[in-house]
Each structure stands twice: as structure tokens, then as C-alpha cells.
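Worksheet for the structure shown next.
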Amino acid sequence: MSHVGNAVAAIRAGLCKVAVISYAASGRSWRLPASDFNTGPTGPGQYEVPYGVSTISAYALAATRYMHQFGLKPEQLAQIAVQMRAYASRNPQAMYRDLITVDDVLSSPMISTPLHKLDCCVVTDSGGAIIVTSREQARDTRRGGPAVLGFGEAISHGQINQMADLTTTAAEYSGRRAFASAGLGPQDIRVAQIYDSFTITVALTLEALGFVKRGEIGDFIASGQLGPEGRLPINTDGGGLSSNHSGRRGMYAVIEAVRQLRGESPGLQLRSPELCLVNGTGGWLSATATLILGNAA
């Protein structure tokens, strides 16, 4: 997602006319052991590496803190996974399409308290590409596409021990910048693609972006607001929790946003969306990028 914003800046500066952003990874079929983020035995990593911290345990710390501070219930968090599977069930390209229940999520193996297996993203082989160009150049293309109306990125820390507040993310800043550059606000967005490495990632991000007041995400989820008839349908292809995730889900989130705006989603197609927000989270809740895409007039 950051690359899209950088491509727009390069085109506006006259450094190029067309940018191709590509990504592919064999996250599922790769035979070697997966590596994890760390900075080795020195620097900030010295406080975490000896204890065997992993990506999921870092996110689990954030989930534990949020639940303690705001009373979020595991059942509410599980409903995110249930809704993503409901979207995936309508997407023939999704990895998992069988519907699941809250009980299914809560009875799946505990990976790192309080996150169960079904609170975690799938691992797939996937790839994709995005072409970014100017409005003038796009007029000569066969299909065209939505415009990048707003963009923002931010980084708040490296290791999880440096995170000042485990209950919010840098999307608070990247989202603010994206909305400001687009001249829009959270109230204008009716569909979003939110990076869902874990269910807690979605919960923290929606609050940080201003879609929900601090501490109220549990009720928002429980009332069905993430469903197709709710306030904010998200991850309409099934997201990383059920559709695909080869390591850098941002590529596929942008592709689904473009497909929704074109009316070409392989799964659930919403009724004529005009705007779509896309947000990515990297590292250990460390960095975020926010895009606002809209159909050009």
C-alpha cells in the first residue's frame, strides 16, 4: 500500500509515467522454516529474543491488554473471523469457504492466549500486480480504474516492547493523513479492506482509523456492522483470515478494493460503491499505510 502512495508521488513529480507494483510469495509451499521479525541479540531485540517472542505472541499481548482495558470479549473478537468466512464462502477463489461459528473459533486450538487458530490468518501461495498511472494516461487504457484520492503512512515503533500503547496503532496517523489529503472523513466510507493478520488487528485498526470510538469495537462487531448490510463491510473477498495471505496481504487488499469499485469482485459484490478505504499493518503493529480509492468522475 505504501508503494501505491509512492508511485502516485513519483508520477506527479514527473519521475515516471507508469509504475508497476508486483508481489508474489509461496508462503504455503515454501519448504524451509518461516522466519520471524527480530533484530537479533542487540538493540531492542535483546528484551524479547531471549523469551522466544513471535509475531503472534506480540499481537496476543495487544489483544490481552485491550481486553483488560476495555472489556472486549473473545466471543466478540471471534465474530470477525466468522464474518470474514461468510464473505469467503461466496468467493470461489478463497482458500476456506465452509462457514464457521463463534463456537468453532473459540474451540479451535489456542495458539497464543487469547488468540485461537481461527483468529489467525491463513497461509497461501498468492501473487498480484497493480498498475498506477496518471488520469490522462488512464484514458487510453482499455479498462481504467479508480483514482487514488488520499494516502498516508506512519510508523510508531519496531519491537513490541517499544509500543507506547498496546491498544492503538499508527493507523491513527496514517488514516488522518489519508482522510485529510482526500478531503474526506470516516463517515464518508461505506466499504473498507482492512489487513487482518489476526482478528485483533482488525479491531485495533477500525478504532485507530476513527470508524469506532475508543473502547467500543466489541459492540460494533457484535451488532453486525461488518456484514454486507452493516455500517462498514470489510474484506469482502474473505480477507487474510479466510481467503488468501502469502505474507504481504496488502497487495490483495488493494486488488479487492479495485474490483469492488469496478463492480468485479469474485465474491460478494456490493451495490455500486463509490469509495473504498484500504489499510495495511506491518511488523509487530509497527507501521501502517492507508489508501482511499474512489471512482473517477
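The values are calculated or read from the model by the stated rules, or taken from the named source; none is laboratory data. Everything numeric in this text was worked out from a predicted model, so none of it was measured. Backbone-built Cβ (ideal geometry, glycine too); neighbour counts: all protein chains shown. All accessible areas refer to the heavy atoms of the entire protein, side chains included, with ligands and DNA or RNA removed. Shrake-Rupley method; radii C 1.70, N 1.55, O 1.52, S 1.80 Å.
Within the range 135-168, restricting attention to residues that are in a loop (DSSP other than H, G, I, E, B) and under 20 Å from Met251 (Cα atoms), the residue that is modelled with the highest pLDDT is Pro146. Restricting attention to the range 241-296, the residues being farther than 30 Å from Ser54 by Cβ and not charged (D, E, K, R) number 19.
Please verify whether Arg65 is closer than 25 Å to Glu172 by Cβ, in a helix (DSSP H, G or I) and at pLDDT 95 or above, treating the condition exactly as stated. Taking the combined requirement at face value, the residue satisfies it. Cβ separations smaller than 7 Å between residues 6+ apart or across chains give the following pairs from the range 119-133 residues that are closer than 20 Å to Ala81 by Cα to residues that are part of a strand (DSSP E or B) and open to solvent by 30 Å² or more (accessible area, probe 1.4 Å): Cys120/Ile111. Would it be correct to say that Leu206 is in contact with a Leu (Cβ under 9 Å, 6 or more places away or on another chain) and without any contact (Cβ under 8 Å) to a residue 60 or more places away in the chain? Criteria met by Leu206. In the range 89-116, of all residues being of a type outside the set (A, V, I, L, M) and within 14 Å of Gly240 (Cβ to Cβ), the one that is most open to solvent (accessible area, probe 1.4 Å) corresponds to Gln93.
Against the list (1) surrounded by fewer than 17 Cβ atoms within 10 Å (Cβ to Cβ); (2) in a loop (DSSP other than H, G, I, E, B); (3) modelled with pLDDT of 95 or more, the condition Val122 fails is (1). Looking across the range 159-183, the residues that are surrounded by fewer than 16 Cβ atoms within 10 Å (Cβ to Cβ) and more than 25 Å from Tyr51 (Cα to Cα) come down to Ala180, Gly183. Of the helices (runs of 4 or more DSSP H) entirely within the range 184-297, those holding at least 2 residues that are open to solvent by less than 30 Å² (accessible area, probe 1.4 Å) and under 21 Å from Leu61 (Cβ atoms) occupy 199-208, 217-222. The conditions of being surrounded by 17 or more Cβ atoms within 10 Å (Cβ to Cβ) and either among the aromatic types (Phe, Trp, Tyr) or closer than 25 Å to Ser57 by Cβ (or both) are not met by Val148.
In the range 288-297, of all residues being modelled with pLDDT of 95 or more and more than 12 Å from the chain's Cα centre (by Cα), the one that is nearest to Ala208 (Cα to Cα) corresponds to Ile292.
Of all the criteria given as (1) surrounded by fewer than 13 Cβ atoms within 10 Å (Cβ to Cβ); (2) at pLDDT 95 or above; (3) not in a loop (DSSP other than H, G, I, E, B), the one not satisfied by Gly14 is (3). Within the range 76-88, residues that are surrounded by 24 or more Cβ atoms within 10 Å (Cβ to Cβ) sit with their Cβ atoms under 7 Å from residues that are basic (Lys, Arg), at 6+ positions apart or across chains, in these pairs: Ala88/Arg97. When Ser272, Ser243 are checked against the criterion of being of a type in the set (Ser, Thr, Tyr) and under 14 Å from the mean Cα position of the chain (by Cα), a single residue qualifies: Ser243.
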